[in-house]
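J.: Have a look at this one.
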Amino acid sequence: MKAEEKQKLMQECLQYFRERPVYEKVFQKMRGKYESLGHIGGKVVLTGLSLQDKSQLGGFLQKDYTENQSVTISAEAFEICLSKSRFSDISLEELLDAYFGKKLTVKKEERRKKQEERDAFFAEVQSGYEDTTGAKWLQNTLKEHTTGYEILQQQYNNNPEILREILKYVFEAVKQLPRMEEKELLPVFAAKLTGDPHYFDASTVAERLLFIILSACWQETKDRELSEAERKNQIFYRAGILKDDLSNDTLVYGIRAWKHNGNLHKGIEGFFQEREPVRLTLRTIGTFGGVHAEREKIYLFENPAVFSVFVKKYPDCAAICGNGQPRLATLLLLDFLKENHSFYYHGDFDPEGLLIAQRLKERYGESICLWNYRADWYERYLSDVNLSEVRMKKLEKVYLPELLEVKMQMQKRKRAAYQEAMLDMLEPEKNEWITRSVK
């Protein structure tokens, strides 16, 4: 945002809050908190408020305070509401500076003393881990205020001793990772390290910090096709830790697998020899050193029913089913296979289905063919399911040339076409049978 635009937005923001007198009380108390804490944070409590005061607070903070005798507002909650408003480009500290016409200040001596105590605390925490990945991450985070800094600051202010224990265990965890071949369940890993299998449970401070450090180790960027939970699973998986080992799975047919020691995976081989589909969990995939199919082409499906009919009708083919949005197990298996195989993907002709196809194409590029995404197929198998405006809006994100033909027709018709109706037409092309055997 340009300086002129920021200044104009700030004036609008100040006008909004000055027209509502109750915020004078809020901001005065927040300034007092800043002076005592040395940073934006903490909570303020307001009492003796009129109904008009409560209404003004509720309008911005999206809460009903009508029946409250007192109102408690945290700086964090206020900043969240500010970030979701039309004043999202303005921070709470900037707002308070502008509101009072001067920079927020704290008593210099108190601030210096607190900074010295803080520096001494974090230096002591690193004792014994000076040259480790964890300690280097901590040093950089404290210096550059990168991801994780706010967690450290908040936890230090709340209880330094608890933070000391958490960082010691997180440093030790990072020191023992990665484990590339033998994957281990997170609760088992946590129990061995801390004595508590739930120490690194989801959303705990320990789990959040461990995830941040592991992400930094690989300089991990977000996979657009993964949800935040799936991305977290992927990071831990790369470190040799299984967070969601059994429910994260994929359905496959016609593949063979080898363990890290080079031995054939007899369980998977049994399903291959019997020509039966098998559901592979993340735990099982973690034992693979290699995966291959007998033929070069592998067919990918969004829908399990379509997958089932296809492999029964064409038992010599290899196929994988993502069951909707591909989860980490599906993507890891495809990552194994992409070097020696090409993929043919087919899914539903609806906005969500086109986006899944697009994300797979973005990830696997020339290794994947979007199979029969044609306007005539869309018209032939058009269903009676009307697409809502919310779903239609998702089509704006579809940009791949291979999908534009179907996208434009869908924008006209505003209806979906589903895989199940196309079963009779989903058959391997002739050149599928002129392929080399991969071993």
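J.: Assigning unit charges at the beta carbon (Lys, Arg +1; Asp, Glu -1) and nothing else, what dipole magnitude in debye, to the nearest 20, does the stretch 75-144 show about its Cα centre? It would help to have the intermediate numbers written out before the result.
T.: Details: 13 positive and 15 negative charges, 68 e Å.
Around 320 debye, computed over the stretch 75-144.
J.: Which of Met410, Ser308, Met30 sits closest to the plus end of the dipole of the chain, meaning its Cα is farthest towards the positive end, when Lys and Arg get +1 and Asp and Glu get -1 on the C-beta?
T.: Met30
J.: Which one of Lys394, Lys54, Lys33 has the biggest mean-square fluctuation once the chain is modelled by GNM with Cα springs under 10 Å?
T.: Lys54
J.: Further question on the same structure: First check a/c for the stretch 249-433, with a ≥ b ≥ c the square roots of the eigenvalues of its C-alpha gyration tensor; if it is under 1.5, answer rounded, and if not, answer prolate when a/b is larger than b/c or oblate otherwise.
T.: Numbers: a/c = 2.21, a/b = 1.86, b/c = 1.19.
Here the stretch 249-433 falls in the prolate category.
J.: What does the C-alpha gyration tensor say about the overall shape of the stretch 331-389? Classify as rounded when a/c is under 1.5, otherwise prolate if a/b is larger than b/c, or oblate. Mind dumping the intermediate values first?
T.: Values: a/c = 3.26, a/b = 2.09, b/c = 1.56.
Prolate, because a/c is 1.5 or more and a/b exceeds b/c.
J.: How would you classify the chain from its alpha-carbon gyration tensor, with a ≥ b ≥ c the square roots of the eigenvalues: rounded for a/c under 1.5, else prolate if a/b is greater than b/c, otherwise oblate?
T.: On the way: a/c = 2.98, a/b = 1.57, b/c = 1.90.
Taking the square roots of the gyration eigenvalues as a ≥ b ≥ c, the chain is oblate.
J.: Now for a separate question. If I stretch the segment between His198 and Ser83 completely, what's the gain in nm (0.36 nm per residue apart, minus their alpha carbon distance), one decimal?
T.: Details: separation 115, 0.36 × 115 = 41.40 nm, distance 3.30 nm.
Gain in length upon complete extension: 38.1 nm.
J.: Efficiency by 1/(1 + (r/R0)^6): what FRET value for Lys103 and Thr146, r their Cβ-Cβ distance, R0 = 30 Å, to the nearest 0.05?
T.: Details: r = 24 Å, r/R0 = 0.80.
For R0 = 30 Å, the calculated efficiency reads 0.80.
J.: Another question, if that's okay. Could you give me the ³J(HN,Hα) list for the stretch 286-294, computed from phi with Karplus coefficients 6.51, -1.76, 1.60 and θ = phi - 60°, whole Hz, x at Gly and Pro?
T.: x, 8, 7, x, x, 9, 9, 10, 5
J.: Output the direction-averaged projected area (hull surface divided by four) of the convex hull of the alpha-carbon atoms of the stretch 187-325, in nm².
T.: 9.9 nm²
J.: In nm, what is the difference between 0.36 nm times the number of residues separating Lys312 and Ala191 and their Cα-Cα distance? Present the calculation step by step, with values, prior to reporting the outcome.
T.: Details: separation 121, 0.36 × 121 = 43.56 nm, distance 4.47 nm.
Extending this stretch completely gives an extra 39.1 nm.
J.: Let me ask another. Describe numerically, in nm with one decimal, the distance between label points set 7 Å from Cα along Cα→Cβ at Gln153 and at Asn340.
T.: With each label placed 7 Å out from Cα toward Cβ, I get 5.2 nm.
J.: Packing-wise, with mean Cβ within 10 Å as the measure, how do 23-32, 203-212 rank, highest first? Numbers along the way, then the final one.
T.: Details: 23-32: 17.2, 203-212: 19.3.
Highest to lowest by the protection proxy: 203-212, 23-32.
J.: I would also like to ask the following. For the stretch 102-192, what percent of Cα pairs sit more than 21 Å apart? Walk me through the numbers on the way to the answer.
T.: Values: 1720 of 4095 pairs.
Tail of P(r) above 21 Å: 42 percent of Cα pairs.
J.: Another question, if that's okay. What number comes out for the charge environment of Tyr378, summing +1 per Lys or Arg and -1 per Asp or Glu over other residues with Cβ under 11 Å away?
T.: Neighbour charge sum, excluding Tyr378 itself: +1.
J.: Also: With n ≥ 4 as the cut-off for DSSP H runs, can you work out [θ] at 222 nm for the chain, using -39500 (n - 2.57) per run divided by the number of residues, rounded to the nearest 500? Can you show the working numbers first?
T.: Working: 20 runs with 221 residues, N = 439.
Counting only the DSSP helices, I get -15500 deg cm²/dmol.
J.: Which of Lys8, Lys243 has the fewest other C-beta atoms within 10 Å, and how do the rest follow up to the most?
T.: Lys8, Lys243
J.: If each residue of separation counts as 0.36 nm, what is the full-extension length gain between Leu9 and Lys259 once their alpha-carbon separation is subtracted? Spell out each step's value before the answer.
T.: On the way: separation 250, 0.36 × 250 = 90.00 nm, distance 5.99 nm.
Extra length available between Leu9 and Lys259 comes to 84.0 nm.
J.: Then there's this: Could you work out the local net charge near Lys102, counting Lys and Arg as +1, Asp and Glu as -1, over the other residues with Cβ closer than 14 Å to its Cβ?
T.: Working: positive: Arg31, Lys103; negative: Glu35, Glu93, Glu94, Asp97.
Residues near Lys102 contribute -2 overall.
J.: Magnitude of the Cβ-charge dipole of the chain, K/R +1 and D/E -1, about the Cα centre, nearest 20 debye?
T.: Details: 67 positive and 68 negative charges, 138 e Å.
Charge dipole, the chain, about its Cα centre: 660 debye, nearest 20.
J.: What list do you get for Cys13, Cys321 if you sort them by fewest beta carbons within 10 Å?
T.: Fewest-to-most Cβ neighbours within 10 Å comes out as Cys13, Cys321.
J.: Set the Förster radius R0 to 25 Å, insert the Cβ-Cβ distance between Glu396 and Arg374 as r into 1/(1 + (r/R0)^6), and round the FRET efficiency to 0.05.
T.: Numbers: r = 21 Å, r/R0 = 0.85.
That pair, Glu396 with Arg374, gives E of 0.70.
J.: What ranking do Phe307, Phe288 get, fewest neighbouring Cβ atoms within 10 angstrom at the top?
T.: Working: Phe307 23, Phe288 18.
Fewest-to-most Cβ neighbours within 10 Å comes out as Phe288, Phe307.
J.: Still on this structure: Roughly how many debye, to the nearest 20, is the charge dipole of the stretch 249-433 about its Cα centre, given +1 on each Lys and Arg Cβ, -1 on each Asp and Glu Cβ, and no other charges?
T.: Numbers: 27 positive and 27 negative charges, 87 e Å.
That gives a dipole near 420 debye.
J.: How large is ³J(HN,Hα) for each residue in the stretch 368-381, as worked out from phi by the Karplus curve 6.51 cos²θ - 1.76 cosθ + 1.60 (θ = phi - 60°), to whole Hz, x for Gly and Pro?
T.: 10, 10, 7, 8, 6, 7, 10, 5, 5, 5, 4, 5, 5, 10
Read-outs: derived from the displayed coordinates by stated rules, not from any lab. Values in this document were obtained by computation on a predicted structure and should not be read as measured data. Please note: Cβ atoms are built from the backbone with ideal geometry, for glycine as well, and neighbour counts cover all protein chains shown.
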